[in-house]
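The values are calculated or read from the model by the stated rules, or taken from the named source; none is laboratory data. Here the structure is a predicted model, which is why all the values come from computation and not from measurement. Don't worry about glycine lacking a Cβ; one is built from the backbone with ideal geometry, like all the others, and counts go over all protein chains shown.
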C-alpha cells in the first residue's frame, strides 16, 4: 500500500505515525510545507521515507494565527500534483484540516483521508466565517475523517454535520513511557510538559505555586518543560511572585529524552483552557504519574476524577493549589491514582492498537 502523508515533517506526531506505519510494511512519501530539521532528516531516512517540500517557511508570517500570508500555501499545489503523478499512491492522508487539508482537497485526489488535530476545528474556525466555511468544505469532501478524541468527534458532528468520524487516539508506546522504579526523588516535584502559550494554563500553575509555597508553606518544586512565545513573560512572572528558588524552566526537551522528565515529577499538571486530546497527560499516566487537569475537551477522556487523577475547572489556581496539597499529604492516594492511570492507558490508549485501527481504515480502500 502506498500513501502520501500531507503533514508537518517537524512534528513528533508525524514522525511517530510514519515510523509505525512503515514498520507495518506501508510505503509512504511525506509532503511537508516546511523542510525538516537536520536531526529529523536522518530519522526519516531510517524508515526509507522520501520527503517532498516546497520549503515555504519564509513565506508565512505567523503559523499560530489565520493570516493572509497563508494563501502562499497554494504555491505547493503543482509540486503535490507532480508527486501524486510520480508516486501513484493508493491514499492521500492529510493531517490538520486547514493547510494540509486544503492542499489535499485542492489536489482532487481520491481516496482522501483527513485527520483533525485540535486547533483546526476547536480554535481557528471561530476566528472568522470564511475559515469555518473552508473547514466545512474540506470535511464534507473527505472520504474519511479521523479524530484523536470523542470530544473532537462531537465538534465535527455538531458543527459540520459529519456523523461517520473515526476515533483513533494518538496512543502511547508503553515500552517507552514507563515508570522508573529506581527513581527515588528526594524532592516533591510538580510540573508540566507543554508549550508555553496562553491556552496551556502556565500562568495558573505559577499562581498556584505561590499559594503552595507561601500560603501553605510547603517545600515543593515546580518544573516547566517546553518552549513557547510566552516563556520570557512567564519567567518574569515567576520572578515577580518571588518563585525563582522553586520554579525551574527546563526549555525544550527532545522526545527521546522526555521520559526521565516525566519520572522526575510527583504530579503532572495540565490545566489548559482548551485541549483536543491530552497526549502529555497520557504519557505521564504511562509513567504512573497522576495528573491534575481541567475539565475541558479531550482531557475529560484521558483523566478521570479521583480514579486516575484530579479534575478541576480551568484557571482556578486556588483549587489547583488545594489539589496539589491533597496529593502531597496523601502519598497512598497519589500512588493509587498513578497505578490506575497506567492501567487505563494499557486498556484504552495502547499505540500498537491505534496504529492497527488506522491500517484497517486504509484497507477499506484497497
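Residues that are at pLDDT below 95 and in contact with a helix residue (DSSP H, G or I) (Cβ under 9 Å, 6 or more places away or on another chain) do not occur anywhere in the stretch 83-91. One residue stands out among those in the stretch 319-338 that are without any contact (Cβ under 8 Å) to a residue 40 or more places away in the chain and in contact with a strand residue (DSSP E or B) (Cβ under 6 Å, 6 or more places away or on another chain): the one that is surrounded by the most Cβ atoms within 10 Å (Cβ to Cβ), which is 323. Output the number of the condition that residue 359 fails; it satisfies all remaining conditions of (1) in the same structural domain as residue 26 (by TED's automatic domain parsing); (2) without any contact (Cβ under 8 Å) to a residue 60 or more places away in the chain. That leaves (2) as the condition not met. On the stretch given as the stretch 230-247, residues that are in a helix (DSSP H, G or I) and free of Cβ contacts under 8 Å to residues at least 12 places away in the same chain total 5.
As a summary of the residue check, residue 142 satisfies the conditions (1) over 30 Å from residue 337 (Cα atoms); (2) in contact with a helix residue (DSSP H, G or I) (Cβ under 7 Å, 6 or more places away or on another chain) except for the one numbered (2).
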